[in-house]
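J.: The structure follows.
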């Protein structure tokens, strides 16, 4: 990590999701490049199927049964955050679940848990 987050547990759910959005984008891009696709236009189209709220909402439903108690608490902190603007592309529950997933990914990133991030990404998005 480039900059240390002093006390990640003090961050709001929306602040965690803010970081988690970037973490998730990076993991998605790394995964897609690992598939051997190099055409940037194609990669961007493929990435949309991972980063949209509806896909993230579906993924967290697969992940909830295998999350630790701590991970579940972080997910709920993001999901239940106040001040979230719901886009037209997803329902409010879908967007809230996606926000929770992003908060969880930020937490794991801040904790340096790369292998757990990879494991959850693969279960939620690849091993369907």
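The values are calculated or read from the model by the stated rules, or taken from the named source; none is laboratory data. Note that the structure is a prediction, hence the values are computed from the model and not measured. No Cβ is skipped: glycine too gets one built from the backbone with ideal geometry, and neighbour counts run over all protein chains shown.
J.: Taking the criterion of being over 26 Å from residue 9 (Cβ atoms), free of Cβ contacts under 8 Å to residues at least 12 places away in the same chain and in contact with a helix residue (DSSP H, G or I) (Cβ under 9 Å, 6 or more places away or on another chain), would at least one residue in the range 95-113 satisfy it?
T.: Within the range 95-113, not a single residue is over 26 Å from residue 9 (Cβ atoms), free of Cβ contacts under 8 Å to residues at least 12 places away in the same chain and in contact with a helix residue (DSSP H, G or I) (Cβ under 9 Å, 6 or more places away or on another chain).
J.: Is there a residue in the range 96-113 that is assigned to a helix (DSSP H, G or I), farther than 17 Å from residue 23 by Cα and either at pLDDT 90 or above or in contact with a strand residue (DSSP E or B) (Cβ under 6 Å, 6 or more places away or on another chain) (or both)?
T.: Among the residues of the range 96-113, at least one is assigned to a helix (DSSP H, G or I), farther than 17 Å from residue 23 by Cα and either at pLDDT 90 or above or in contact with a strand residue (DSSP E or B) (Cβ under 6 Å, 6 or more places away or on another chain) (or both), which makes the answer yes.
J.: Can you name the helices (runs of 4 or more DSSP H) wholly within the range 1-91 that have at least 3 residues being within 21 Å of residue 114 (Cα to Cα) and modelled with pLDDT of 95 or more?
T.: Passing ranges, in order: 13-34, 53-63, 69-79.
J.: Now for a separate question. Cβ-Cβ below 6 Å, separation at least six or inter-chain, first residue in the range 33-60 and surrounded by fewer than 10 Cβ atoms within 10 Å (Cβ to Cβ), second in a helix (DSSP H, G or I): which pairs?
T.: Taking only residues 6 or more apart or on different chains, not a single pair turns up.
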